[in-house]
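One structure is given below, encoded as structure tokens.
Rule-based calculations on the coordinates, nothing more; no lab input. This one's a predicted model, so the numbers in the text were calculated from it and none came from an experiment. No Cβ is skipped: glycine too gets one built from the backbone with ideal geometry, and neighbour counts run over all protein chains shown.
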Amino acid sequence: MKTIGKHGAFEDAIEGSSLEVQLIARRLRELIIEIYPDVVEVPWPKQRIVGYGVGPKKMSEHFCYIGALSTRVNLGFFYGAGLSDPESLMEGTGKRLRHVKVRSVEQAEQSSIRDLLQLSIEERKEDLGLAD
């Protein structure tokens, strides 16, 4: 993993959240790194989000983000509208962006979350011509 720390660190972005929200955010981060060890992480502490991508560019190279809120973590997918979501976990009505409201570490560890992350990585790599 490579972190672009221009604006701050992961911990800065989740600071001030409840312990449960911090645990969820950390577990999601670990999962993203497990699935894609070459991930590029870009924290934006003022926005309380951390983006993850195949490169540092938010709107073209990022596939997901972690947003620490007061009672949950939003796991957002920049191109989520085009992803297969058989369990209908994702919410949102935007042209591309979708998110999953993750309310527990147990939910973060569900195979359906892992599947969405894997699909989002594959989508970005394919769209950018980086597919293996």
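Summary of values
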read-out	value
Answer label for Cα Rg over 2.2 N^0.38 Å (calculated), chosen among (1) 1.13; (2) 1.03; (3) 0.96	(3)
The chain, helix-only ellipticity at 222 nm - DSSP H runs n ≥ 4, -39,500 (n - 2.57), divided by all residues, nearest 500	-10000 deg cm²/dmol
Proximal lysines relative to Lys6, as straight alpha-carbon distance under 19 Å, when same-chain residues fewer than 8 apart are discounted	Lys46, Lys57, Lys58
Positive-pole candidate from Gln47, Thr71, Ile35, dipole of the chain, charges at beta carbon	Gln47
Rounded to the nearest 20 debye, dipole of the range 2-127 from Cβ charges on Lys, Arg, Asp, Glu	520 debye
Ordering of 34-44, 88-98, 61-71 by packing [mean C-beta count within 10 Å, highest first]	61-71, 34-44, 88-98
Contour excess over end-to-end distance, with Cα ends at Arg96 and Lys57 and 0.36 nm allotted per residue	12.4 nm
